[in-house]
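Q: I have a structure here, written as structure tokens, and I will follow up with some questions on it.
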Amino acid sequence: MKIDLHIHTSTGSDGALTLEEVFAEAKKRNIDLLSITDHDAIGHQRQAVKLAEKHEIAYITGVELNVTFPYAGKSISLDFLGYAYDYGNPALKDKLHLIREHRAIRARQIIDNLNTEFRKENLPLFTDADLTKMQEGVDGILSRPHIADYLIKKEIIASRQEAFDRYLVKCDVPKYPLSLPEASGLIRNAGGRLVLAHPNDPNGTSLISLTTDLDKQTEIIRKHMLDYIDGVECWHSRNNAETTSHYIEFCKKHGLIMTGGSDCHQKPILLGTVDVPDFVAGQFI
């Protein structure tokens, strides 16, 4: 059985393929169970359910939420995955609409900050026309990866990594301050389950920003998250064997569900490349 419960699209957030293209690719790759987990976006979940039926693929509703997590006197960003919720739940829909409105404002503020840096370097400033061009081909909300791609297109930098290193880290604007208790309540009250995403991801929003020690990571989860989460993403495209084994053991000890996925943004297409065990599907039956 092929399972991928962490996939992004251009329809909802920062993937490269549309929702329809992702399902077509999933069918080609013989994926049996998937979940579209776009950032703060559930408006296309009804369509995803229909596409899953069309392609005869089992489907679980999904979303990825960015949470502001306070710890030891500072706040870090962590990602959480919501699964198997009712996409028609009014409270969830209203909150995600508010968050996405904030994302649009944030994108504009990041552009303003970029222009401040460009002035220092005597580079041409981004205009409203540039903002319009950035939005072209972006079905969801403009985000930092989209801005990075435009910087590459304008030949200001050569890669996404350079875009973040030179500009997008220093020019960042805080995301909507969603707390873990609030995120948990939103998903659970909509009938779903909340899962900590990629806890040891070296390249993403993860507990690595607090500690690289796996035992210390799980101790943070035990002390501060167990009341609010239902599981942990144990299989991920950037996990090593030690990380996966450690988090499987932690989930077993605390009765948490275990999920996994590629975190595919289609750059490159990683859809279905993470070996997620069959029993993961049974946790949602």
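The values are calculated or read from the model by the stated rules, or taken from the named source; none is laboratory data. All values derive from a computational prediction rather than experimental measurement. We place every Cβ from the backbone using ideal geometry, glycine too, and count neighbours over all the protein chains shown.
Q: Within the range 192-200, can one find any residue that is in contact (Cβ under 8 Å) with a residue 24 or more places away in the chain and polar (S, T, N, Q)?
A: Scanning the range 192-200, I find at least one residue that is in contact (Cβ under 8 Å) with a residue 24 or more places away in the chain and polar (S, T, N, Q), so the answer is yes.
Q: Those residues that are in contact (Cβ under 8 Å) with a residue 24 or more places away in the chain and either of a type outside the set (D, E) or loosely packed, with under 11 Cβ neighbours inside 10 Å (or both), I need them from the range 117-130; list them, please.
A: L123
Q: While we're looking at this one, here's another question. Taking the residues in the range 184-205 that are surrounded by fewer than 22 Cβ atoms within 10 Å (Cβ to Cβ) and closer than 30 Å to D165 by Cβ as candidates, determine which candidate is farthest from the chain's Cα centre (by Cα).
A: P202
Q: Just checking, how many residues over the range 206-226 are part of a loop (DSSP other than H, G, I, E, B) and either more than 17 Å from the chain's Cα centre (by Cα) or among the aliphatic types (A, V, I, L, M) (or both)?
A: Going through the range 206-226 one residue at a time, the tally reaches 6.
Q: Something else: Here are A190, A148: which of them is more than 26 Å from W235 (Cα to Cα) and hydrophobic (A, V, I, L, M, F, W, C)?
A: A148
Q: What's the number of the only condition in (1) of a type in the set (A, V, I, L, M, F, W, C); (2) without any contact (Cβ under 8 Å) to a residue 60 or more places away in the chain; (3) under 18 Å from Y83 (Cα atoms) that A281 fails to meet?
A: Only one criterion is unmet by A281, namely (2).
Q: I've got another one for you. Please give the number of the condition S159 fails out of (1) over 30 Å from F126 (Cβ atoms); (2) without any contact (Cβ under 8 Å) to a residue 12 or more places away in the chain; (3) small (G, A, S).
A: So the condition that S159 fails would be (1).
Q: Determine if the range 249-262 includes at least one residue that is part of a loop (DSSP other than H, G, I, E, B), within 30 Å of R160 (Cα to Cα), touching a strand residue (DSSP E or B) at 6+ places or on another chain (Cβ under 7 Å) and at pLDDT 95 or above.
A: yes
Q: List pairs: first residue in the range 211-239 and farther than 24 Å from S262 by Cα, second residue among the acidic types (D, E) and at pLDDT below 95 anywhere in the structure, Cβ distance under 7 angstrom, at least six positions apart or on different chains.
A: none
Q: Give me the residue from the range 10-29 that is free of Cβ contacts under 8 Å to residues at least 60 places away in the same chain and buried (at least 18 other Cβ atoms within 10 Å of the Cβ) and, out of that set, nearest to A41 (Cα to Cα).
A: Top of the filtered list is L19.
Q: Could I ask something else about it? For the range 234-272, name all the residues that are among the hydroxyl-bearing types (S, T, Y) and surrounded by 14 or more Cβ atoms within 10 Å (Cβ to Cβ).
A: S237, T243, T244, Y247, T259, S262
Q: Follow-up question, since we're still on this one. Name the pairs: first residue in the range 69-96 and touching a residue at least 12 places away in the same chain (Cβ under 8 Å), second residue part of a loop (DSSP other than H, G, I, E, B) and of a type in the set (F, W, Y), Cβ to Cβ under 8 Å, at least 6 apart or on different chains?
A: The qualifying pairs are Y83/F284; A84/F284; L92/Y85; K93/Y87.
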